[in-house]
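Step one of this worksheet: look at the structure below.
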Protein chains: 2
Amino acid sequence: MVEHILVAFNFQCLFCLPVSSDTDEIPGIGQYEDFHTIDWQRDIARDRMRHRYIVKRKQNSLFDLVKGAHDAWSGWVCVLLVGLATGVVAGVIDIGASWMSDLKHGICPQAFWFNREQCCWSNNESTVSLDLGNCSQWLTWSEVLGQSREGAGAYIIAYLMYIAWALLFASLAAALVRMFAPYACGSGIPEIKTILSGFIIRGYLGKWTLIIKSVGIMLSVSAGLSLGKEGPMVHIACCIGNILSYLFPKYGRNEAKKREILSAAAAAGVSVAFGAPIGGVLFSLEEVSYYFPLKTLWRSFFCALVAAFVLRSINPFGNEHSVLFYVEYNNPWIFFELVPFVGLGIIGGVIAAIFIRANLYWCKYRKTSKLGQYPVTEVLVVTAVTAVLAYPNPYTRMSTSELIYLLFRKCGVTNLDDLCDYNRNFTDVKSAIDLASAGPKVYRAMWLLVLALIFKLVMTIFTFGIKVPCGLFIPSLCLGAIVGRIVGIGMEQLAFNYPTIWMFGGECSTGKDCITPGLYAMVGAAAVLGGVTRMTVSLVVVMFELTGGVRYIVPLMAAAMASKWVGDALGSHGVYDAHINLNGYPFLDSKEEFAHTSLAADVMQPKRNETLSVLTQDSMTVEDVEVLMKETEHNGFPVIVSRESQYLVGFVLRRDLNLALVQARRTLEGLRPNSLVLFVNSNVQQQPQPDSPPPLSLKNILDMAPITITDQTPMETVVDMFRKLGLRQTLVTHNGRLLGVITKKDVLRYVKQMDNEDPNSVLFN
Amino acid sequence: MVEHILVAFNFQCLFCLPVSSDTDEIPGIGQYEDFHTIDWQRDIARDRMRHRYIVKRKQNSLFDLVKGAHDAWSGWVCVLLVGLATGVVAGVIDIGASWMSDLKHGICPQAFWFNREQCCWSNNESTVSLDLGNCSQWLTWSEVLGQSREGAGAYIIAYLMYIAWALLFASLAAALVRMFAPYACGSGIPEIKTILSGFIIRGYLGKWTLIIKSVGIMLSVSAGLSLGKEGPMVHIACCIGNILSYLFPKYGRNEAKKREILSAAAAAGVSVAFGAPIGGVLFSLEEVSYYFPLKTLWRSFFCALVAAFVLRSINPFGNEHSVLFYVEYNNPWIFFELVPFVGLGIIGGVIAAIFIRANLYWCKYRKTSKLGQYPVTEVLVVTAVTAVLAYPNPYTRMSTSELIYLLFRKCGVTNLDDLCDYNRNFTDVKSAIDLASAGPKVYRAMWLLVLALIFKLVMTIFTFGIKVPCGLFIPSLCLGAIVGRIVGIGMEQLAFNYPTIWMFGGECSTGKDCITPGLYAMVGAAAVLGGVTRMTVSLVVVMFELTGGVRYIVPLMAAAMASKWVGDALGSHGVYDAHINLNGYPFLDSKEEFAHTSLAADVMQPKRNETLSVLTQDSMTVEDVEVLMKETEHNGFPVIVSRESQYLVGFVLRRDLNLALVQARRTLEGLRPNSLVLFVNSNVQQQPQPDSPPPLSLKNILDMAPITITDQTPMETVVDMFRKLGLRQTLVTHNGRLLGVITKKDVLRYVKQMDNEDPNSVLFN
């Protein structure tokens, strides 16, 4: 009797044996290929095995004890490192972008690495106003070239230098992205959502992407393009999270566990982008993350807080507040004002819907036309147009975040902008400000703001999607802030002219400044951002942290709600989901309802008249298996009892099967093409034929606990299981008999088909 | 040939036909019995059917359109109503409790319904100090009884009146709870966690509980017991949510959907308890809710915000800030201070662990000894002891929230308490305060605080669990605030005596007030509360909203983290989980890992040598089914192909089977005990015997999509499925053959058994 060959692989049974971290003899086990979907249950099971193995060995020696402690702490250490690194990188980017933005206007001859503010500081001049050229140490380019500071000649030189620098920065950014890291373009949030939902895109979070995206975002912000650095900051933070997770095999080698770190990193990204740690965590929870176990909430919060703390210590904005747009006012709002706030929400929703539609149309056009083949040219054209049009208008010439800050601010003694040209006298710094009629400069500023609004809206439509790093938060906030400020000034003048009408409820009759136009700007900004991204709670919290306005949660919420509803009514998706759709990423949205009344039987593969590719538990030869693998492209095969009685035994991944066969051929002498492949323990009854070769037992690569459903299961339940359990596929049975398989791809294609879209637009796994 | 009787039930197929909301002909379908676990998937499927039915009918008529709109909006309307009602009830409770608390000390003769503050206000006297008797309109009981305000006689009268009122209030509270609503006692949070995890406790959220709990909490707070009204506020809000959900059949008749409203209500409860809407939502998300779909996050936030807004409009605290303990300081903290903050976290964790252990011991003793039979007596004894011991010490005589506020405050010009008896002169209100040495009264106050700490700790141990409404938040905060203030004063004096040593980093050398003892009190309060409840993110956010201290997130977080880790190291559970355990509620914690390496086969019922109670699809008679139902107590039965080939067909609930049989006996003429019961469509081949009665088809009560797993599935995966999919049971198969069933109860009992606890302590469903 031929003895069964003991399978002597150093090959871990993925579901039964402890996995030690240094015995990955077959490289690539537990790894996934590019553009594949991960299987959360499998990865989490692997991690639990590893964890138990470490806990069990903890008693053995001091070294193992230390190893156990290291393992227990590695999650915290990892997010600490991610937080620290994110804070530092964000600080560098903030400082660099600020310096380069100023470089478009002039230089500091004493120390060229100073930006304008630092240059003027270093000479102890007071810098209160935001006007250009307010400090003699700072030389504008016209002065460097021997011209005077004022006059037409100087203006033209400044204009040309502005355009030249912008083109230089933009071409550098585009060239770097094109040459070194094509994944570094765009905001990155749609891709990160997809990756966090369990998809593999190799290199998307790699070191080159990190470096190029960090440099590129500084360049593209400095180029004066209509984009922000906040979205890319989330991508950068996720790159940092990914890279640092490789220091901890627990996270680096396990895609499901790695996503815990990435969720925390995304929170840190928003946290540094806006100085809003709580908002960052909620953003990660609500918008980005997919499978967010509550125990990682605390860790994400820690990560976000560390990052914000580091950034605040670096203090790139040079003020006491770590937030971007700290507002100093604290006036109460009047109940009636909820009406204009909701109105702003509606306007914001409409603007957002226009933006998303137009941007999507343009992006589709880029994809399908020849335009997509000239990314660098496109960047240069957009930059040139932006620079030429932006310079003449002071509100578009200044950086977008400066503009937002200006719009959010209250008109006080120190605010000398045209927007604050009211007919009032400041007698005492501390006394309340009176209501006043707007001066002519205010009306001029409003016209310029309307032009700026149109310019920004149009340019952002063309900018979002070009091949440089570019985010959407700041342009959206800016659009909303302009609209809000205009509405706010309108309300203010209404209150000045008719202070006693009922709707102000007596609040304005004292002549005190009862309406704050800056608050309208804030609310408008929240409305457009909410309409564009469809964030809800996290938006309100971010705005609240961003501005320090504790009192204004209700107005912000009213606007955000109105904007979301209007947006949902006008177009179905937020910009990130729209771009996910456009790019065909296999993303199963956890917020959308599955709206069809299908059963699992309608969705599963194979369809009628096709045969299912299966393995049998003990009647196929090595050759049969190889033929099956060659003929099909499935990522896994169900194992059944026999062709005649199709009862389900388990599931085998193609990758594992492949590796096991290669390994077996290398190590087992007696393996022949007609060797039986066994997926069960060999029965005593079943005597092998005397002349048959020894069978190959592959029981340990068999997943004996595949998730199964019946063919009558409603698809809503199936989709729910895919989302909540993070499945890669599920097997469909009827009365115990295997009928077919449903993969994530099948679900996504089915949804597309039902929505009358092309099912083949889904990227396959 | 006998024709098959068409089953003409007005009995909806739960999984295939649209359910109209007014055809529940068989009462109780879709309802659950008391102390049963709900099946989320089933309830959600029912809701989806209902929703589709309404959407489909929308085109039919205007009425249906309105109905559809009403249905779409009912979730928002419901949470709006819940928010409004919660705000109003919270306002009434706050005002009532404040009035009754003052009644212990005296009365306002002009208007007895005024509390002391309002009484003094009504006469335009300025009330700055917190001392008693500072206003001539307010009469203390000794004055009412003709004594002077000062002197030994007056003191004794005041003392006795204090005790008398306390006993009166406490006995009233205990009597009300005992007579009308036994569920109104305690904090209610453990039970709400259990209910939200999918358990039915009838009456726990009913109107009587609401009324008695609202009145009872006012009484028990006024009685001066060591308890807070914040936990019960969550229970009250959930009662409101439950009652109002009956206005909307979508929520009232569907247990799974109702829990969405309850989650929002819990958020509103915390929101009004602390004036912290964001913290409330996070509390609901992190601590209370179980199955929290992200789409309800936004609705919970809305509910919490409405409630907070209403409460603020009622303004029960009479100040501008809607928060309980608004702190006005904004001093930066020194990096080195993180060391004492973490120290406070450790102390807080230890105090919390002592409290939980002692309280649990006492509660167990109450349950097992005769003490449990005299709840009213116990309340009276505890009240008497509390009143007698509390009165002499001014810090325990004042209400606990006043004490916390005092401890959180900074010593400024207006703060005349002994705690602020520093050797300093206030020259200018606006100038910075200098560091100063503590005067003798500060040391006296510290001794009194130490006594207060011991008193509060001991009394809270005995108080939490007595049969009156009582919460834990305020006593925990108070314990921590006392410890924190003491440590803070110590640090402050250290800085005063050695201002230049390295650890203060030069911050204290200017003589400015660099250490804020009130901040230490805040951090200490967070530490103890964190240790007791094991809240993390929500704790930090609540504290941050509670005090308005935006700057202090990092210190709060450091302390909360240290406290949680120390607590986890010393005792495994937070107080709510400990009480859930103590009471044996079937709660499957979603935060705890399932630590054992079992497989589904180890946990499932029946064990070896027992037979599984099953139905067959087409071979059992009505009599067989009735015998099976009589002989077993299972809540449901799997249906298999036949005894010989045990392949799974579906699952039938006992309740549905019962109802269907009763209905069939009532409406079908030809039904006889030997009628066959069919769970499949009758086959053509299978001709009924000529003389046999017509079979009864029960296909439409069969769930043809039960969730199944294989016997080799690791229990972690099974537990994960129970949690995430909200299962009630799952069927275990091997190669398609049914082996057994795992219910939630089986899992809980197994966990208990593995932890060497009594598995029978789990309440059965």
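For region A:550-569, the criterion of being among the basic types (Lys, Arg), within 12 Å of chain B (Cβ to nearest Cβ) and part of a helix (DSSP H, G or I) is satisfied by at least one residue. Kindly indicate whether A:VAL741 is of a type in the set (A, V, I, L, M), away from every other protein chain (no Cβ under 14 Å) and not in a helix (DSSP H, G or I). Spelling it out, A:VAL741 is indeed of a type in the set (A, V, I, L, M), away from every other protein chain (no Cβ under 14 Å) and not in a helix (DSSP H, G or I). Taken over region B:588-604, residues that are at pLDDT 85 or above and of a type in the set (A, V, I, L, M, F, W, C) amount to 5.
Any residue at all in region B:588-602 that is farther than 30 Å from B:ILE334 by Cβ, away from chain A (no Cβ under 11 Å) and not in a loop (DSSP other than H, G, I, E, B)? Within region B:588-602, one or more residues are farther than 30 Å from B:ILE334 by Cβ, away from chain A (no Cβ under 11 Å) and not in a loop (DSSP other than H, G, I, E, B).
Would you mind stating whether A:GLY224 is of a type outside the set (Ser, Thr, Tyr), in contact with a Ser or Thr (Cβ under 8 Å, 6 or more places away or on another chain) and on the phi < 0 side of the Ramachandran plot? The answer is no for A:GLY224. Among the residues of region B:92-100, is there at least one that is closer than 28 Å to B:GLN137 by Cβ, part of a helix (DSSP H, G or I) and among the hydroxyl-bearing types (Ser, Thr, Tyr)? Yes, the conditions are met somewhere in region B:92-100.
Among the conditions (1) out of contact with any Phe, Trp or Tyr (no Cβ under 9 Å at 6 or more places or on another chain); (2) surrounded by 17 or more Cβ atoms within 10 Å (Cβ to Cβ); (3) among the small types (Gly, Ala, Ser), B:ALA569 misses just one, which is (2). Restricting to region B:306-325, count the residues that are surrounded by fewer than 24 Cβ atoms within 10 Å (Cβ to Cβ) and at pLDDT 85 or above. Within region B:306-325, residues that are surrounded by fewer than 24 Cβ atoms within 10 Å (Cβ to Cβ) and at pLDDT 85 or above number 2. Among the residues making up region A:616-651, those that are under 42 Å from the mean Cα position of the chain (by Cα) and within 14 Å of chain B (Cβ to nearest Cβ) are A:PRO638, A:VAL639, A:ILE640, A:LEU648, A:VAL649, A:GLY650, A:PHE651. Cβ-Cβ contacts under 7 Å between residues 6 or more apart (or on different chains), taken from a first residue in region B:576-587 that is touching a residue at least 12 places away in the same chain (Cβ under 8 Å) to a second residue that is crowded, with 21+ Cβ neighbours inside 10 Å and of a type in the set (Ser, Thr, Tyr), are listed as B:TYR576/B:THR533; B:ILE580/B:THR194; B:TYR585/B:THR194; B:PRO586/B:THR37; B:PHE587/B:THR194; B:PHE587/B:SER197.
If you go through region A:185-241 and keep only what is among the polar types (S, T, N, Q) and more than 30 Å from A:ALA452 (Cβ to Cβ), you end up with A:THR194, A:SER197, A:THR209. Considering A:TYR395, A:TYR374, A:TYR365, A:TYR361, the condition of being surrounded by 14 or more Cβ atoms within 10 Å (Cβ to Cβ) and of a type outside the set (A, V, I, L, M, F, W, C) is satisfied by A:TYR395 alone. Filtering region B:540-553 to residues that are within 13 Å of A:TRP298 (Cα to Cα) and in contact (Cβ under 8 Å) with a residue 60 or more places away in the chain leaves only B:VAL541. Can you name every residue in region B:498-541 that is among the small types (Gly, Ala, Ser) and over 18 Å from B:VAL350 (Cα atoms)? Within region B:498-541, B:GLY505, B:GLY506, B:SER509, B:GLY511, B:GLY518, B:SER538 meet the criteria.
Of the residues making up region A:543-559, none is surrounded by 22 or more Cβ atoms within 10 Å (Cβ to Cβ), modelled with pLDDT of 85 or more and in contact with a Lys or Arg (Cβ under 7 Å, 6 or more places away or on another chain). Restricting B:LYS213, B:LYS207, B:LYS193 to residues that are among the basic types (Lys, Arg), at pLDDT 90 or above and surrounded by fewer than 16 Cβ atoms within 10 Å (Cβ to Cβ) narrows the list to B:LYS207.
Among the helices (runs of 4 or more DSSP H) confined wholly to region A:180-276, which include 3 or more residues that are of a type in the set (D, E, K, R)?
Output list reads A:255-274.
Of the residues making up region A:710-735, those that are within 20 Å of B:GLN712 (Cα to Cα) and either more than 7 Å from chain B (Cβ to nearest Cβ) or at pLDDT below 85 (or both) are A:GLY726, A:LEU727, A:ARG728, A:GLN729, A:THR730, A:LEU731, A:VAL732, A:HIS734. Considering only region B:262-288, state which residues are of a type in the set (Val, Ile, Thr) and farther than 20 Å from B:PRO190 by Cβ. Correct list: B:VAL272, B:ILE278, B:VAL281. Of all residues in region B:475-500, exactly one satisfies the criterion of being polar (S, T, N, Q) and buried (at least 23 other Cβ atoms within 10 Å of the Cβ), namely B:SER476. With respect to the conditions (1) surrounded by fewer than 24 Cβ atoms within 10 Å (Cβ to Cβ); (2) touching a residue at least 60 places away in the same chain (Cβ under 8 Å); (3) touching a Ser or Thr at 6+ places or on another chain (Cβ under 8 Å), B:LEU472 falls short on a single one, namely (1).
Looking across region B:180-190, just one residue is surrounded by 24 or more Cβ atoms within 10 Å (Cβ to Cβ) and under 15 Å from B:ASP589 (Cβ atoms), and that is B:ILE189. When we screen B:LEU282, B:LEU294 for residues that are more than 17 Å from the chain's Cα centre (by Cα), within 27 Å of B:VAL541 (Cα to Cα) and within 14 Å of chain A (Cβ to nearest Cβ), the only hit is B:LEU294.
The values are calculated or read from the model by the stated rules, or taken from the named source; none is laboratory data. Since we're looking at a predicted model, the values are computed, not measured. Every residue, glycine among them, receives a Cβ derived from its backbone with ideal geometry; neighbour counts consider all protein chains shown.
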